[in-house]
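Trainee: Before we start, here is the structure in question, set down as structure tokens.
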Amino acid sequence: MDFLRPTTWAEALAARADRPDAVPLQGGTDVMVEINFDVRRPGALLDLTSIPELATWERAADGRLRVGAGLPYARVVAELGDALPGLAQASRTVGSPQIRNRGTVGGNLGAASPAGDAHPPLLAGDAVVEAESAARGTRLIPAAEFYLGVKRNALAPDELIRAFRMAPATGPQYFSKVGTRNAMVIAVCSFALALHPAERRVGTGVGSAAPTPRRARAAEEFLAAELDWTGGAALDARVRSRFGELAAEAASPIDDVRGTAAYRRHAVAVMARRTLGWAWNDYRKQVEACA
Ligand SMILES: Cc1cc2nc3c(=O)[nH]c(=O)nc-3n(C[C@H](O)[C@H](O)[C@H](O)COP(=O)(O)OP(=O)(O)OC[C@H]3O[C@@H](n4cnc5c(N)ncnc54)[C@H](O)[C@@H]3O)c2cc1C
């Protein structure tokens, strides 16, 4: 197995184009497990860890954050907790400290597992994936169009993920995950909610309850129309309950070793109701503070 170690982004793109058999390697917390278990034996590994800009983030001219594919979860938690609270909450639940020090959001996107914890908050926050190839340059792929199937994403064979772009939160964001224990656990299912008060919009992401992470669009539209964005009036119990039902309807889960489809549907509804309760409480406090 060849080991390719570019030190610039241009070299990495060239190597990706030259060696279609090379598997990109960021933190290696998915790739190395697969190699150790002989799930795959690629002709080459394309190690991206010597490209410094991949492990940085910046605020772009349009105010959005541009977060390098190689920024580990630990730094998302430490440095982006205020700006991207939903993603930071999800990052806190990933693996263990060791995994959070190595594992990256870029790697989660590359793996595109339906259970990946970064996906629901990326969907709820309207993230856009920045993909690039030597031949065609940069392509921006909305998160909602990025996940194509179980562990399949929209990257072309010669593309790498350079970064993702996401606006800093302007309203409350929450992430909730059900697992069979409290830590070091793959999600049985998960749910992310983001309120976007400026546009009176709601974002959602459902994880591990369908072949791909996905938004619960009917739930988003229903809630956006029902919320009292101006006055911050208390939530009607019927609104909470209907939001939960619509979120569950967006799921198309399977029975597997981690949980049954029926349990997952139920849990998605519960998480949707709970995250809504937490987010709306925060929002009401914001409205009160501004009054
Ligand atoms: C013990 C353990 C616990 C875990 N717990 C969790 C958990 O709780 N939640 C969770 O979501 N995941 C978990 N994982 C899985 C893994 O940590 C995450 O998916 C992580 O985000 C992978 O990031 P990485 O940088 O290590 O990716 P890598 O292993 O380096 O790569 C993952 C995939 O992405 C591709 N890739 C990497 N970088 C790029 C790039 N720039 N462009 C294109 N493709 C790229 C690789 O080729 C590979 O297919 C766990 C793994 C382990 C071993």
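Trainee: Sorting check: for 118-125, 209-216, which peptide has the highest mean count of neighbouring beta carbons within 10 Å, and how do the rest follow?
Mentor: Descending packing order for the listed peptides: 118-125, 209-216.
Trainee: Here's something else I'd like to know. Hey, any idea what the orientation-averaged projected area of the convex hull of the stretch 173-290's Cα atoms comes to, in nm²?
Mentor: So the mean shadow area of the Cα hull is 7.4 nm².
Trainee: Just to compare against my own numbers: the Cα pair-distance distribution for the chain, 5 Å bins, whole % per bin, please.
Mentor: 1, 6, 12, 17, 18, 16, 13, 8, 5, 3, 1, 0, 0
Trainee: Could you tell me which chymotrypsin sites (Phe, Trp or Tyr not before Pro) in the stretch 13-115 are loop residues by DSSP with no more than 13 other beta carbons within 10 angstrom of their beta carbon?
Mentor: PHE37
Trainee: When the chain is treated as a GNM, springs tying every alpha-carbon pair under 10 Å, which of GLU130, GLU34, GLU159 comes out with the largest mean-square fluctuation?
Mentor: For the chain, modelled as a Gaussian network with Cα springs under 10 Å, the answer is GLU34.
Trainee: Using the 10 angstrom Cβ neighbour count as an exposure proxy, how do TRP229, TRP278 rank, fewest first?
Mentor: Listing TRP229, TRP278 from fewest to most nearby Cβ atoms yields TRP278, TRP229.
Trainee: Ranking request for peptides 168-178, 143-153, 230-240, 61-71: highest mean number of other beta-carbon atoms within 10 Å first, then the rest in descending order.
Mentor: 168-178, 61-71, 143-153, 230-240
Trainee: Further, regarding this structure: Can you show me the helix-derived [θ] at 222 nm for the chain, built from DSSP H runs with n ≥ 4 at -39,500 (n - 2.57) apiece and divided by the number of residues, rounded to the nearest 500.
Mentor: Computed mean residue ellipticity for the chain: -11000 deg cm²/dmol.
Trainee: Which value, in debye to the nearest 20, describes the size of the charge dipole of the stretch 173-290 about its Cα centre when Lys and Arg Cβ atoms bear +1, Asp and Glu Cβ atoms bear -1, and nothing else is charged?
Mentor: My answer is approximately 280 debye.
All of the numbers you see were taken from the coordinates with simple rules; none came from a lab. Not measured: the values here are computed from a predicted model. Neighbour counts run over all protein chains shown; Cβ positions are idealised from the backbone, glycine included.
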